[in-house]
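J.: The structure is given below, and queries will be raised subsequently.
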Amino acid sequence: MPTTEKMIKQVLELREKGLSREDIAKELHLSEETVGWLLSRGKGSEKPPADIYIGWRSVGVYSSRLTHMARIFSDIILEECARNETEVDAIMGIAINGIPLATTIANEMDLELIVYRPRRGDDTSEGMGSILSNYAGVRDKRIAIVDDVLSTGNTMKNAIEFLKANQGEPTLCLSIVNKQNFDQIEGVPVRALIRTHVV
């Protein structure tokens, strides 16, 4: 677990690279409030906001470990499909960290792969993001959405809205870690391997 000093250094380095507060929050899996506190070096308040740092590098550095996780997620997808009497036609990975896991799940289940790029924090357009054209499309497909960490839920919500606006059917949201207390987003079930709670 990184110390506060290391996290402040990371946040400042990312800010120097031109990342917005929202982009830094996504990169480090922290809330924007926490990023703001780290950018001010804690001078804005005595105590940092309640947040949980998520680091899953020990899984991500080996494709064999991602394959094991993909098998667990595949089992969860099949369980949800049986529960809701539905099927999944494709797996959509949210850039950047959701893509390797989505790729591995799609391979495990022999399904199409969709790659979704969320709207950047500094993008002033009204768009909800886009999919990469070298991968599968979304029209008339039942889709499980994959990301690594569910922080505020906004990225997942935008992905769901994108699918609905482009005639895709979001059936399930998956993440390694869910930092929130909700079981669904926009009516779509949410499943994670780990759910965190601040106590």
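J.: Out of the residues in the range 47-79 that are of a type in the set (S, T, Y) and closer than 23 Å to V11 by Cβ, state the one that is modelled with the highest pLDDT.
T.: So in the range 47-79, the residues of a type in the set (S, T, Y) come out as 53, 58, 62-64, 67, 74.
This time we only want the ones that are closer than 23 Å to V11 by Cβ, so: 53, 58.
Details: Y53: 62, S58: 71.
Here the residue is S58.
J.: Only one of A95, A82, A136, A102 is aliphatic (A, V, I, L, M), modelled with pLDDT of 95 or more and surrounded by fewer than 19 Cβ atoms within 10 Å (Cβ to Cβ). Can you tell me which?
T.: Values: A95 fails: modelled with pLDDT of 95 or more; A136 fails: surrounded by fewer than 19 Cβ atoms within 10 Å (Cβ to Cβ); A102 fails: surrounded by fewer than 19 Cβ atoms within 10 Å (Cβ to Cβ).
Every option except A82 fails the conditions.
J.: Then there is this: Do you know which residues across the range 113-133 are modelled with pLDDT under 95, touching a Gly at 6+ places or on another chain (Cβ under 9 Å) and of a type in the set (A, V, I, L, M)?
T.: Scanning the range 113-133 gives a single hit, I131.
J.: Another question about this same structure. Can you tell which of L150, L172 is modelled with pLDDT of 95 or more and among the hydrophobic types (A, V, I, L, M, F, W, C)? Please lay out each step first, then the result.
T.: Numbers: L150 fails: modelled with pLDDT of 95 or more.
It is L172.
J.: Next up: Identify all residues within the range 154-177 that are within 10 Å of the chain's Cα centre (by Cα) and surrounded by fewer than 18 Cβ atoms within 10 Å (Cβ to Cβ); write none if there are none.
T.: Within the range 154-177, just N154 meets the criteria.
J.: Now, a different point. Being free of Cβ contacts under 8 Å to residues at least 60 places away in the same chain, among the aliphatic types (A, V, I, L, M) and closer than 22 Å to L66 by Cα is true for just one of I160, I94, I114. Which residue is that?
T.: Details: I160 fails: closer than 22 Å to L66 by Cα; I94 fails: free of Cβ contacts under 8 Å to residues at least 60 places away in the same chain.
Of I160, I94, I114, the one residue that is free of Cβ contacts under 8 Å to residues at least 60 places away in the same chain, among the aliphatic types (A, V, I, L, M) and closer than 22 Å to L66 by Cα is I114.
J.: Moving on to the next point. How many residues does the range 2-35 hold that are over 22 Å from V177 (Cα atoms) and crowded, with 17+ Cβ neighbours inside 10 Å?
T.: Result for the range 2-35: 3.
The values are calculated or read from the model by the stated rules, or taken from the named source; none is laboratory data. Remember, it's a predicted structure, so these values are computed and weren't measured experimentally. A quick note on method: Cβ atoms are made from the backbone with ideal geometry, for glycine too, and the neighbour counts reach across all protein chains shown.
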